[in-house]
Amino acid sequence: MSVQATSSHNWFDQGGDAYARFRPAYPADLAGFLASLASGRDMAVDVGCGTGQLTTLLAPFFGAVIGVDPSADQLANAVAHEGVSYVRAPAERMPLPDGCADLITVAQAAHWFDLPAFYTEARRVGGQGCVLALVSYGVMQLEPSLNERFQHFYHDEVGPYWPAERKLVDSGYATLDFPFKELQGPELSIRLDWNLEQFLGYVQTWSAVRRAREAGREGMLAAFAKEIAGSWGDQDIRRTVSWPIAMRLGRL
């Protein structure tokens, strides 16, 4: 497809299932490592699970996995998987029994929580020796020919539209209060080979892009899509994209 034809497509109007379609999947190694920390393998609880990107990866390691999220829309698009069930509830008030969890995970969502209330709830839900893992992935990195333009878009063009909480994600939750004895994790990353549709589909799931659209910045978004498409080449070419994974790990 030519650049002209590609740029005429509205990449920033993908529909309600875009989050499930385009959000990056975590590597299986992450789930295996988190499971290795747990003192038991009966139940894992993934809080703020979204559409289940991490939830389903935990399933092979535990007897049961429960994904918890307050959004009906997210759960409507959640991935079905044997051994996984989903519950609509806030992180601070989970309808789960005391001491049921061997592992509690939060992937790319802790910055939205009332953390003191969530930590109290995690202590209630977590069993003896339960591990709490706050997982995040940082700013996407592209191939050198694309990365400079992308980083300018991320930091400078849509940067003002990111909510303040986004800085917590970009720092790997390093500044979040975490009142637990910390455990160390390995260096992991998400690495994918994406075509242009997947890349721009992911970008349009950002809250900053949504807010930019609401502020009337469609022209800025369209210009970025056109420029990145021109640098990408054929839209079906797959290019390597990556995100560094950060973890705050503690035993309750």
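The values are calculated or read from the model by the stated rules, or taken from the named source; none is laboratory data. The shown structure was predicted, so the numbers you read here are calculated from the model rather than taken from an experiment. Here the Cβ positions follow ideal geometry from the backbone for every residue, glycine too, while neighbour counts run over all protein chains shown. Quick note on the areas: whole protein, heavy atoms, side chains included, nothing else; ligands and nucleic acids left out. Shrake-Rupley method; radii C 1.70, N 1.55, O 1.52, S 1.80 Å.
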| Separation in nanometres of the label points that stand 7 Å from Cα toward Cβ, at Trp112 and Ser189 | 2.7
| field | Mean-position separation - Cα centroids, region 134-152 and region 104-131, in angstrom | value | 28
| Where the accessible area of region 41-110 is counted over protein heavy atoms with a 1.4 Å probe, how much of it, in %, is carbon and sulfur? | 52
| task | Take the Cα gyration tensor of region 90-197, multiply each eigenvalue by 5, square-root it, and list the three semi-axes largest first, rounded to whole angstrom. | result | 33, 16, 13
| When the chain is fully extended, how far beyond the present Cα-Cα distance does Ala80 get from Ala164, taking 0.36 nm per residue of separation? | 27.0 nm
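Could you provide, to the nearest whole Å², the per residue accessible area of the chain with probe 1.4 Å? Present the calculation step by step, with values, prior to reporting the outcome.
On the way: 11210 Å² over 252 residues.
That works out to 44 Å² for each residue.
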| Given 0.36 nm per residue, what is the gain on full extension from Asp156 to Arg123 after removing their alpha carbon distance, in nm? | 7.9 nm
| Whole-Å semi-axes of region 118-252's equivalent ellipsoid (Cα gyration tensor) | 34, 18, 12
| said: Applying a 10 Å radius around every beta-carbon, put 237-244, 119-126 in order of their mean neighbour count, most first. | reply: 119-126, 237-244
| field | Segment Ser145-Ile237, extension gain: residue separation times 0.36 nm, minus the distance between their alpha carbons | value | 31.7 nm
| task | Just need log10 I(q)/I(0) for the chain at q = 0.09, 0.11, 0.15 Å⁻¹, Debye formula, equal scatterers on the alpha-carbon atoms, no solvent, rounded to two decimals. | result | -0.41, -0.61, -1.06
| field | Cβ charges +1 (Lys, Arg) and -1 (Asp, Glu), total dipole of the chain, debye | value | 260
| Bridge type composition, the chain - antiparallel percent by DSSP, nearest 5 | 45
